[in-house]
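Q: Have a look at this one.
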Amino acid sequence: MERKNSMGVINAKEVQVGDEVFVIYNNPHVPTVSNIRAAEIVPHPKDPNAVALFLNDTFHTIEDDDALFTSEASAEKAYSDYVDNQDQMT
């Protein structure tokens, strides 16, 4: 199975402990604000057979629909493309 695609999106099922990934993180206090953040793949604190995303000093379970990127530039491009598509739909 390939770990990433041509757009820099990493297959969430293929991450390994120690990988640095980039995510588009929605601010929980201001829903209209999103930031791109670096995160690390770490051992899951409660499941020894799983990994977790360590972001903003917090462990996050990696969900199948999470988008993990290989670089900040890839995440910025994906976010920009998403925003452009949303603008075209309105």
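The values are calculated or read from the model by the stated rules, or taken from the named source; none is laboratory data. Worth saying up front: this structure is predicted, and the values here are computed from it rather than measured. All Cβ positions, even for glycine, are placed from backbone atoms using ideal geometry, and neighbour counts span all protein chains on display. Ligands, DNA and RNA are stripped out before the accessible areas are found, and what is left, the full protein with its side chains, is counted by its heavy atoms. Shrake-Rupley method; radii C 1.70, N 1.55, O 1.52, S 1.80 Å.
Q: Can you compute the helix-only [θ] at 222 nm over the chain? Use -39500 (n - 2.57) per DSSP H run of at least 4 residues, normalise by all residues, nearest 500 deg cm²/dmol.
A: -7000 deg cm²/dmol
Q: Report the gain in length on full extension from Asn27 to Phe54: 0.36 nm times residue separation, minus Cα-Cα distance, nm rounded to one decimal.
A: Taking 0.36 nm per residue and subtracting the Cα distance, the gain is 8.1 nm.
Q: Mind checking the per residue accessible area of the chain for me, 1.4 Å probe, whole number of Å²?
A: Counting only protein heavy atoms, the per-residue value for the chain is 71 Å².
Q: Protein chains only, probe 1.4 Å: how do Phe59, Phe69 rank by accessible area, largest first?
A: Correct descending sequence by accessible area is Phe59, Phe69.
Q: If I stretch the segment between Asp66 and Asn35 completely, what's the gain in nm (0.36 nm per residue apart, minus their alpha carbon distance), one decimal?
A: Gain on extension, Asp66 to Asn35, equals 9.7 nm.
Q: When mean projected area of the Cα convex hull in nm² is calculated directly from the model, which label among (1) 5.5; (2) 5.2; (3) 6.8 fits?
A: Entry (3).
Q: Give me the net charge for the shell around Asn26: Cβ to Cβ below 14 angstrom, other residues only, Lys and Arg +1, Asp and Glu -1.
A: -2
Q: Using Cα atoms only, what is the angle between the long axis of helix 72-89 and the major principal axis of the chain, expressed in degrees (0 to 90) to the nearest 10?
A: 40
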